[in-house]
Amino acid sequence: MNIFVINSGSSSIKYQLFRWPAEQPVCSGLVERVGSEQATISHKVFAEGVPTEQRLTLPLPDHEAGLHKVVHLLTDGVIQDPSDIDVVGHRVVHGGESFSQATPITPEVKAEIQRLFGLAPLHNPANYLGIEVAERVFPRARQVAVFDTAFHQTLPEKAFRYALPTALYTEQRIRRYGFHGTSHQYVAAQAAAYLGQPDARLITIHLGNGCSMAAVRGGQSLDTSMGFSPLAGLVMGTRSGDVDPSILLHLTGPLGYSPEQVNTLLNKESGMLGLAGSNDMRDISQALAAGDAAAQLAYDIYAYRIRQYIGAYAAVLNGLDAIIFTAGVGENDALVRQLVCQDIDFFGLVLAEAQNQQRQPGLRDLSAPGSRAKILVVPTNEELEIAQQCAALFASAS
Ligand code: ADP
């Protein structure tokens, strides 16, 4: 079975092709600057694990042109014909309360994804466009939507409701949804398998450009740090994470900000960028090494917020078997892990400092001997998780 995974953004298309059941992709790629004269495609083909990469710059007026070009690249040795693709798995950011698992796409499902545009105005329209284009480019394939919010649909109401008037939930659907679900689900499953404990109490810590945490027990999400939108919770690359809501009133009132300016401020100019002048941890860690006080403070605030959520989620779980670091920062930044795990042995967490500094691929156990709970690094793989969910869907249907 050929499973093609697509993550369609407003001006980009990320893709991977899996020849199921092999878990290694046959090829992967990224189309960027869709809609411009100078769009780029980087296309990697893995032959026995060794990648060969092709880079192209070309005009691509829209997503349809982009996906057609990708099909050209695929038919140059990877598949014979677009009809060789059996399943297309689409990452869709917002599934609202309608979708709690991978879902075969029907006209009703598409209408529901459209209805959710209001909740995810930046993401769902681009994801939807990817579905429409893929339906035309791969007419024989079964199309499946895998939602970023789906994994968190198990949150109990006490965790997903805000203390706002009830009508705002019942009529306007204002509640915590949570995001990055595919990643939290994937790393939690990997960790539980490593521990040999299907009912493990886990705290998953996804630290990429966007950052979020989840409390997971027995493979179910019980709480998560992102909320109604991905703006809540942890300090991120350019997003503020949690702030006192009355700061927004102060900004739009006495300080004269427009709603648009507040939106830009909180989503694009805050977080590590606002504190330390860069949204890339590699730059900030260099600045820190050069003695930059703002970089030190930014790291401290970033790690402190994660520690607060560890405390909260250990309470939610009434115990802790492991914390799991994942995504760009979580997998690579030893200093973040060190700051998070300093003086936190009350929760049974003791970091093996030397192992923490080493770089190795794959799942890593960084707990010191005597650490009651494990400290793990699990590389995330959202595309593989999407392919797995698509495969499981058709295995159970047949
Ligand atoms: P996304 O959320 O876009 O999927 P990633 O998981 O790829 O993001 O994470 C991207 C971030 O990871 C970068 O902005 C950078 O801050 C961080 N990062 C990547 N590599 C390293 C590294 N070697 N050391 C520290 N941080 C890194």
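FYI, it's all coordinate maths here, none of it is from the lab. Please read all numbers here as calculations on a predicted model, not as lab measurements. Don't worry about glycine lacking a Cβ; one is built from the backbone with ideal geometry, like all the others, and counts go over all protein chains shown.
A few notes on this one:
- Test for Arg359: is it free of Cβ contacts under 8 Å to residues at least 60 places away in the same chain, of a type in the set (D, E, K, R), crowded, with 18+ Cβ neighbours inside 10 Å and within 16 Å of the ligand (Cβ to nearest atom): no
- Across segment 242-252, not a single residue is classified as of a type outside the set (Gly, Ala, Ser) and within 14 Å of the ligand (Cβ to nearest atom).
- Within segment 156-173, being hydrophobic (A, V, I, L, M, F, W, C), part of a loop (DSSP other than H, G, I, E, B) and farther than 22 Å from Gly233 by Cα holds for no residue.
- Any chance Tyr304 is touching a Ser or Thr at 6+ places or on another chain (Cβ under 9 Å) and of a type outside the set (D, E, K, R): no
- Within segment 372-381, the residues that satisfy the criterion of being within 16 Å of the ligand (Cβ to nearest atom) and either hydrophobic (A, V, I, L, M, F, W, C) or surrounded by fewer than 23 Cβ atoms within 10 Å (Cβ to Cβ) (or both) are Val377, Val378, Pro379, Asn381.
- Top-ranked residue of segment 325-355 - restricted to ones that are more than 16 Å from the ligand (Cβ to nearest atom) and in a loop (DSSP other than H, G, I, E, B), ranked as farthest from Arg282 (Cα to Cα): Gly348
- The number of residues in segment 186-220 being away from the ligand (no atom under 16 Å from the Cβ) and either free of Cβ contacts under 8 Å to residues at least 24 places away in the same chain or part of a loop (DSSP other than H, G, I, E, B) (or both) comes to 8.
- Listed conditions (1) more than 22 Å from Ala215 (Cα to Cα); (2) within 16 Å of the ligand (Cβ to nearest atom); (3) assigned to a helix (DSSP H, G or I) are all met by Ile306, apart from (1).
- Arg239 falls short on exactly one of the conditions (1) more than 16 Å from the ligand (Cβ to nearest atom); (2) part of a loop (DSSP other than H, G, I, E, B); (3) in contact (Cβ under 8 Å) with a residue 24 or more places away in the chain; (4) among the charged types (D, E, K, R), and that condition is (1).
- Matching residues, segment 266-294, being more than 13 Å from the ligand (Cβ to nearest atom), among the aliphatic types (A, V, I, L, M) and buried (at least 19 other Cβ atoms within 10 Å of the Cβ): Leu266, Leu275
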